[in-house]
């Protein structure tokens with residue numbers, strides 16, 4: 001290998017290892033990663049945490065005549081990693097508006113007035129197969145699903161009403177289960193103006209409110 | 001001063017040797033054969049959906065959008081998307097066989113990264129990232145100099161004179177190896193920072209998730225916290241040590257073997273298929289020529305000679321330059337893909353009735369789903385309730401249904417977060433479900449489990465009992481157990497009533 005080749009290779013090695021080191025340090029110390037898409041290539045957070053509840057998203061379209069439609073791909077959902085449709089991996093709702101618009105512009109239907117984004121949640125122990133359920137719990141499985149209206153969109157997919165997601169709602173409920181805190185919150189006065197400035201990406205498509213962790217699909 | 005200069009020069013030499021030592025690139029060639037194949041598998045699955053996932057006639061959600069940077073990449077029309085996608089598939093296939101290796105891998109890698117970035121929801125994952133790194137480094141490596149069409153063509157140019165494999169500087173292969181060290185170290189940091197990782201709860205919830213492929217072994221082990229607890233520590237220790245010990249000649253194989261077991265474990269326990277396949281094919285970059293010779297000797301001793309397969313290789317005359325053939329084949333592949341996609345007609349636009357209809361839903365069900373605001377049941381705040389007698393790492397390590405006098409009964413409840421601060425009671429009842437005694441404790445919102453301990457002394461007579469978990473006035477769960485043997489008190493004086 002020529003001396004110049006060695007220098008060029010050395011420069012590449014230095015830069016490459018510096019970028020990988022930045023990913024490790026940035027992830028460990030939590031800096032330089034927010035809003036940095038390329039950081040995804042150097043941060044190794046394959047185990048970012050999992051919720052105790054399983055969740056699914058349902059899209060229900062309401063037509064101008066008051067009929068309801070199960071809004072999903074009539075040509076078949078795409079299952080990226082298992083048996084779930086792609087929309088189920090969109091934990092923060094980044095895709096919902098586009099998805100609704102896409103489905104409504106590529107299917108046959110009467111005019112649609114609203115589309116409801118409904119979350120379904122249930123505790124994960126109910127995911128155990130029957131055999132293991134009996135062995136571990138010894139009781140009858142009485143699973144119920146909790147449904148929660150996450151958002152209402154218009155016929156173009158634009159969000160017109162947004163609620164906290166179900167997990168976030170449970171977190172809020174657990175915090176609010178404190179009479180003293182409730183009392184103090186009721187007594188408090190907030191001033192508005194400079195605390196929260198919505199940006200284009202937070203106000204348009206995404207339904208980003210959850211404080212809960214997202215599933216990693218690695 | 002002299003000694004310090006000597007040390008500096010020795011360190012420089014060591015680093016230089018580490019990166020620029022010359023080796024026959026057998027490991028890189030093996031990685032070239034297997035890694036693009038593994039990276040291609042999920043991409044081939046997406047081939048019929050290119051229009052939907054990556055084109056302006058679908059719903060691509062770019063990684064940049066997930067990070068709040070908007071749509072940074074140009075979104076191609078469906079035709080262009082199919083052409084680019086088929087070119088990516090063709091190039092990665094050429095990379096596998098080593099035909100125009102560097103060009104193929106270069107184009108294939110760029111398009112692989114592009115298409116992954118185009119769909120942050122259903123395509124980009126961490127295995128795509130690892131594969132992207134490895135593919136980029138393979139492009140820079142001399143991986144096409146062994147076991148490749150390029151090498152075969154080179155030999156043909158030289159009238160089939162067998163050429164002794166050349167050695168090349170290993171820096172690109174070292175970077176591939178170092179990548180694994182960084183990945184594991186970073187993964188260990190993530191786990192250290194993740195709440196409830198070392199107590200196993202996080203792992204349990206992942207094993208019970210159905211986001212990946214089926215994982216029956218994981219579902220079984222999810223109910224055994226001690227296994228999760230021990231494996232959590234072992235994993236983190238191995239991940240940290242990997243980058244330091246894999247370079248050691250004696251420890252290289254044990255570290256890699258542990259890694260292989262770890263990745264196979266993610267397949268069995270978590271239902272991950274592609275991630276372990278990508279990582280294990282990446283491990284091939286650690287293979288040295290000595291390893292290959294050792295395997296060859298072993299195969300020879302059993303009468304297997306892979307080299308003889310070359311005898312059956314086609315004798316194609318060198319009529320057209322390889323580059324031209326490559327370009328024609330790429331073009332044909334792309335045109336064929338566009339035609340196939342057109343005929344596939346994903347959205348059914350060219351059917352008799354045009355677009356397909358969406359399915360009407362039962363009104364009552366739709367309204368119940370939209371209006372659903374069922375409060376969380378008290379029992380759903382709990383994951384499980386078990387009894388046993390041994391604790392490990394603060395968690396119940398066994399389960400028992402039969403106890404004898406003098407044993408300690410540990411009753412453990414696991415809670416699903418989030419939950420409020422709770423008062424939880426454990427009630428001991430007899431066979432007729434009459435309360436004998438009870439104990440309660442506060443479980444604050446950050447706690448994921450509570451334990452109640454009962455010493456089986458002489459107060460109880462032998463027989464059947466139950467431990468009942470109660471919260472907010474509800475019975476959450478009941479565990480039956482049998483107390484056997486003779487009460488110690490009875491040995492002393494059978495007339496004394498002890499309860």
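Can you name every residue in the range A:139-156 that is within 12 Å of chain B (Cβ to nearest Cβ), more than 10 Å from residue A:117 (Cβ to Cβ) and in contact (Cβ under 8 Å) with a residue 12 or more places away in the chain? A:141, A:143, A:144, A:145, A:146, A:147 - these are the residues of the range A:139-156 that are within 12 Å of chain B (Cβ to nearest Cβ), more than 10 Å from residue A:117 (Cβ to Cβ) and in contact (Cβ under 8 Å) with a residue 12 or more places away in the chain.
Scanning the range B:199-214 for residues that are in a loop (DSSP other than H, G, I, E, B) and closer than 22 Å to residue B:121 by Cβ returns B:209, B:210, B:211, B:212, B:213, B:214. Give the residue that is surrounded by the most Cβ atoms within 10 Å (Cβ to Cβ), with candidates limited to residues of the range B:212-227 that are touching a helix residue (DSSP H, G or I) at 6+ places or on another chain (Cβ under 7 Å) and within 9 Å of chain A (Cβ to nearest Cβ). Across the range B:212-227, the extreme among qualifying residues is B:222. In the set (1) in contact (Cβ under 8 Å) with a residue 40 or more places away in the chain; (2) more than 8 Å from every other protein chain (Cβ to nearest Cβ); (3) under 30 Å from residue B:189 (Cβ atoms), the condition left unmet by residue A:104 is number (3). Highlighted here are the helices (runs of 4 or more DSSP H) found entirely within the range B:3-119 that include at least 3 residues which are within 14 Å of chain A (Cβ to nearest Cβ) and over 30 Å from residue B:290 (Cβ atoms): B:26-46, B:50-54, B:63-66, B:101-118. Annotation note: Cβ proximity below 8 Å between a residue of the range B:340-353 that is closer than 13 Å to residue A:106 by Cβ and a residue that is not in a loop (DSSP other than H, G, I, E, B) (sequence gap 6+ or interchain) occurs for B:346/B:48; B:346/B:49; B:346/B:51; B:346/B:52; B:347/B:51; B:347/B:356; B:348/B:356.
Scan (1) touching a strand residue (DSSP E or B) at 6+ places or on another chain (Cβ under 8 Å); (2) under 23 Å from residue A:165 (Cα atoms); (3) surrounded by fewer than 21 Cβ atoms within 10 Å (Cβ to Cβ); (4) in contact (Cβ under 8 Å) with a residue 40 or more places away in the chain for the single condition residue A:98 breaks and write down its number. Going through the list (1) touching a strand residue (DSSP E or B) at 6+ places or on another chain (Cβ under 8 Å); (2) under 23 Å from residue A:165 (Cα atoms); (3) surrounded by fewer than 21 Cβ atoms within 10 Å (Cβ to Cβ); (4) in contact (Cβ under 8 Å) with a residue 40 or more places away in the chain, residue A:98 breaks only (1).
Looking at B:398, B:437 in this structure, which one is in a strand (DSSP E or B) and touching a strand residue (DSSP E or B) at 6+ places or on another chain (Cβ under 7 Å)?
Exactly one of B:398, B:437 is in a strand (DSSP E or B) and touching a strand residue (DSSP E or B) at 6+ places or on another chain (Cβ under 7 Å), namely B:437.
The residues on offer are B:234, B:280, B:241, B:272, and the sole one that is in the same structural domain as residue B:26 (by TED's automatic domain parsing) and either within 21 Å of residue A:23 (Cβ to Cβ) or in contact with a strand residue (DSSP E or B) (Cβ under 7 Å, 6 or more places away or on another chain) (or both) is B:241.
When residue A:75 is tested against (1) in a loop (DSSP other than H, G, I, E, B); (2) in the same structural domain as residue A:164 (by TED's automatic domain parsing); (3) within 30 Å of residue B:232 (Cα to Cα), exactly one condition is not met: (3). Among the residues making up the range B:90-115, those that are surrounded by 22 or more Cβ atoms within 10 Å (Cβ to Cβ) and closer than 20 Å to residue B:74 by Cα are B:108, B:109, B:112, B:115.
The values are calculated or read from the model by the stated rules, or taken from the named source; none is laboratory data. All values reported here derive from a predicted model rather than from experimental measurement. Please note: Cβ atoms are built from the backbone with ideal geometry, for glycine as well, and neighbour counts cover all protein chains shown.
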